[in-house]
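What follows is one structure encoded as structure tokens, with my remarks underneath.
Please treat every number below as a calculation from the coordinates, not as lab data. On a predicted model such as this, the values are computed, not experimentally measured, just so you know. Glycine gets a Cβ as well: all are built from the backbone with ideal geometry, and neighbour counts include every protein chain shown.
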């Protein structure tokens, strides 16, 4: 993403989707996209980006977690936030 007009077009395409907020950072060549999964899907966001000629790298992360309760997860996150360590 090196052209300001192209990055603007990508941002406009994303923002036209219902339930989507997007900010394009031309210098970093990245987009920050927040969306409501009830109103938009990752596939629809990818299509909006591809309409303007950009590719979207696919990344998947799969985590296995066992013996965790919501309470223990919240406690762990709170402790990490208090100490400044990364989650």
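Between residue 47 and residue 21, what length in nm is gained on full extension when 0.36 nm per residue of separation is reduced by their alpha carbon distance?
Extra length available between residue 47 and residue 21 comes to 7.8 nm.
Give me 52, 18, 8, 83 ranked fewest to most by other Cβ atoms within 10 Å of their Cβ, as a rough exposure proxy. Show your work: numbers first, answer last.
Details: 52 17, 18 10, 8 13, 83 7.
By the 10 Å Cβ count, ascending: 83, 18, 8, 52.
Take peptides 10-16, 30-36 and line them up by average Cβ neighbours within 10 Å, highest first, as a rough protection proxy. Mind dumping the intermediate values first?
Values: 10-16: 17.3, 30-36: 14.0.
By packing density, highest mean first, the sequence is 10-16, 30-36.
In Å, the Kirkwood hydrodynamic radius of region 4-51 over pairs of distinct alpha carbons?
10.7 Å
Suppose a student asked you for the relative contact order of region 1-56, using Cα pairs under 8 Å spaced at least 6 residues apart; what percent would you report?
Values: 66 pairs, mean separation 19.5, N = 56.
The normalised contact order for region 1-56 reaches 35 percent.
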